Amino acid sequence: MQESLQLTSKAFGIGYGIQASYFLIMALPKLFKKPSQLILALFNKNNAKLGAFFATLVGLYKFVEKLLSNYSSSSLNPIVAGGVAGSSMMILRSSTISLYVLSKTLEMFYLNGIEKGFLPYVKHFDTILYTCCTALMFHAAILEPTSLKRSYWNFIMKLSGYKLAGVNREPLIALGYNVVDLK
């Protein structure tokens, strides 16, 4: 139990530190004109949100895993604990973090599958996955550019040399797409 509390408090500290560091870096240009930005960056309520998310994620996982291990020694215990810990996403609703957690979960399943001999090893799988994700973003940028997050749109624009905004989307209207002209 004490180990779980230590891990939970450590996770809170890490989450708080990451978010505070981000706000501190973003406030650096303003610090010379307004030194009060330092206090605002260090004690922002969003810092506690990320810390609470990390702490809840770790705490729920450890609690449920320990609870289930007392009653059964099933190999499904970590999966159930992870599913329950996923409810911590209600604290911090972030599609970026949820996609990251999903990708890491899939990576862990894949690596465990390789280790146990269930799945084949695919050389350069990470490169293939990155390529597929980038292709999916290009596809969305052509068909529905307004559905992309601004950061993804900027990434795609830099990758394409800012030529994607000039794509003629009018022929797509005949196919039933509600496209927007971004010229």
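A few comments on the model shown:
- Number of positions in segment 133-149 that are touching a helix residue (DSSP H, G or I) at 6+ places or on another chain (Cβ under 6 Å) and not small (Gly, Ala, Ser): 2
- Positions within segment 36-50 being free of Cβ contacts under 8 Å to residues at least 24 places away in the same chain, among the small types (Gly, Ala, Ser) and surrounded by fewer than 19 Cβ atoms within 10 Å (Cβ to Cβ), in sequence order: Ser36
Okay, residues lined up against (1) part of a helix (DSSP H, G or I); (2) buried (at least 17 other Cβ atoms within 10 Å of the Cβ); (3) modelled with pLDDT of 85 or more:
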site: Leu7; (1), (2), (3): yes, no, yes
site: Ala20; (1), (2), (3): yes, yes, yes
site: Met26; (1), (2), (3): yes, no, no
site: Lys30; (1), (2), (3): yes, no, no
site: Lys34; (1), (2), (3): no, no, no
site: Ala52; (1), (2), (3): yes, yes, yes
site: Gly59; (1), (2), (3): yes, yes, yes
site: Glu65; (1), (2), (3): yes, yes, yes
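- Sub-7 Å Cβ pairs linking a first residue in segment 102-130 that is farther than 25 Å from Met89 by Cα to a second residue that is among the aliphatic types (A, V, I, L, M), at least 6 apart or interchain, are Gly113/Leu119; Tyr121/Ile114, ordered by first then second residue.
- For Phe155, the conditions (1) among the aromatic types (Phe, Trp, Tyr); (2) within 28 Å of Phe53 (Cβ to Cβ); (3) not in a helix (DSSP H, G or I) all hold with the exception of (3).
- Which numbered condition Ala85 misses (of (1) free of Cβ contacts under 8 Å to residues at least 12 places away in the same chain; (2) within 30 Å of Ala52 (Cα to Cα); (3) surrounded by 11 or more Cβ atoms within 10 Å (Cβ to Cβ)): (1)
- When segment 88-114 is filtered for residues that are within 15 Å of the chain's Cα centre (by Cα) and of a type in the set (S, T, N, Q), the ones remaining, listed by number, are Ser88, Ser94, Ser95, Thr96, Ser98, Ser103, Thr105.
- Residue match in segment 122-137 (condition: in a helix (DSSP H, G or I), under 30 Å from Lys45 (Cα atoms) and out of contact with any Asp or Glu (no Cβ under 8 Å at 6 or more places or on another chain)): no
- Verdict on Leu119 being of a type outside the set (D, E, K, R), in contact with a helix residue (DSSP H, G or I) (Cβ under 8 Å, 6 or more places away or on another chain) and farther than 30 Å from Val179 by Cα: yes
- Filtered residues of segment 89-104 (kept if surrounded by 13 or more Cβ atoms within 10 Å (Cβ to Cβ) and at pLDDT below 80): Ser94, Ile97, Ser98, Val101
The values are calculated or read from the model by the stated rules, or taken from the named source; none is laboratory data. Given the structure is predicted, the values throughout are model-derived calculations rather than measurements. So basically every Cβ, Gly included, is an ideal-geometry build from the backbone, and we count neighbours across all protein chains shown.
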